[in-house]
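Data first, discussion second: the structure below is written as structure tokens.
The values are calculated or read from the model by the stated rules, or taken from the named source; none is laboratory data. All of these numbers come straight from a predicted model, not from anything done at the bench. For neighbour counting, all protein chains shown are included, and Cβ atoms are generated from backbone atoms with ideal geometry for every residue, glycine included. With ligands, DNA and RNA removed, areas are computed over all heavy atoms of the protein, side chains included. Shrake-Rupley method; radii C 1.70, N 1.55, O 1.52, S 1.80 Å.
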Amino acid sequence: MIYIGVDPGKSGAIAFLKSNGSAWTIKGDSTHRDMVDAIEDARSIAPIAFALIEYVASSPQMGVKSAFSFGQSYGALEMLLAACNVPFERITPRKWQDAMKCRTGGDKNISKQRAQELFPTLKITHANADALLLAEMACRQGYQTNA
């Protein structure tokens, strides 16, 4: 089975985690076509069980244009999962960070360090850390399709 973690935004990523522990990511600023291809490639390796997408919203500090762009990007990621028939659930940062023991309080170095502990052979960056942790949480929680 493959589990997917999605950290929305251009500075985020989509992570793929096989139940045997192997993992890989695609950058959040990839094209929609590249994201579809990544999901199709993952599906050719093993069935996709589930995806967790971080549930976030625009913040008051964002300008109108950036808030609109972020919302557009978030909606596109949900549509990507739906169009590729990937069952998914939204999860708040607090919930997944508590479960993965990496409450960041805004310090991305905390989630980066936790991801490096769990994936010592991967190059962990601020961009892919949260997505990997979301995929790991989905795997640990045993999320699966009802099919």
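Return the residues of the stretch 9-29 that are open to solvent by 60 Å² or more (accessible area, probe 1.4 Å) and of a type outside the set (A, V, I, L, M, F, W, C); say none if nothing qualifies. Walk me through it before giving the result.
Keep residues of the stretch 9-29 that are open to solvent by 60 Å² or more (accessible area, probe 1.4 Å), which gives 10-11, 19-20, 24, 27, 29.
If the condition is that a residue be open to solvent by 60 Å² or more (accessible area, probe 1.4 Å) and of a type outside the set (A, V, I, L, M, F, W, C), then Lys10, Ser11, Ser19, Asn20, Lys27, Asp29 are the ones that fit.
Scanning the stretch 47-64 for residues that are surrounded by 15 or more Cβ atoms within 10 Å (Cβ to Cβ) and of a type in the set (A, V, I, L, M), which turns out modelled with the lowest pLDDT?
Looking at residues that are surrounded by 15 or more Cβ atoms within 10 Å (Cβ to Cβ) and of a type in the set (A, V, I, L, M), I get Val56.
Only residues in the stretch 6-28 that are more than 10 Å from Ala42 (Cβ to Cβ) and of a type in the set (Ser, Thr, Tyr) count as the first member; pair them with residues that are assigned to a strand (DSSP E or B) and open to solvent by less than 30 Å² (accessible area, probe 1.4 Å), Cβ under 6 angstrom, at least 6 apart or cross-chain, and list the lot.
From residues that are more than 10 Å from Ala42 (Cβ to Cβ) and of a type in the set (Ser, Thr, Tyr), the pairs are Thr25/Ala13; Thr25/Ala15.
For the stretch 109-133, how many residues meet the condition of being acidic (Asp, Glu) and open to solvent by less than 70 Å² (accessible area, probe 1.4 Å)?
Just the residues of the stretch 109-133 that are acidic (Asp, Glu), to begin with: 117, 130.
Narrowing the set further to residues that are open to solvent by less than 70 Å² (accessible area, probe 1.4 Å) leaves 130.
Total meeting the criteria: 1.
I'd like the residue in the stretch 94-108 that is free of Cβ contacts under 8 Å to residues at least 12 places away in the same chain and within 15 Å of Asp7 (Cβ to Cβ) and, out of all such residues, is surrounded by the most Cβ atoms within 10 Å (Cβ to Cβ). Can you show your working first?
Residues of the stretch 94-108 that are free of Cβ contacts under 8 Å to residues at least 12 places away in the same chain, as a first pass: 94-95, 98, 103-107.
Next cut, within 15 Å of Asp7 (Cβ to Cβ) only: 94-95, 104, 106.
On the way: Arg94: 11, Lys95: 14, Thr104: 17, Gly106: 7.
Only one residue fits best here, namely Thr104.
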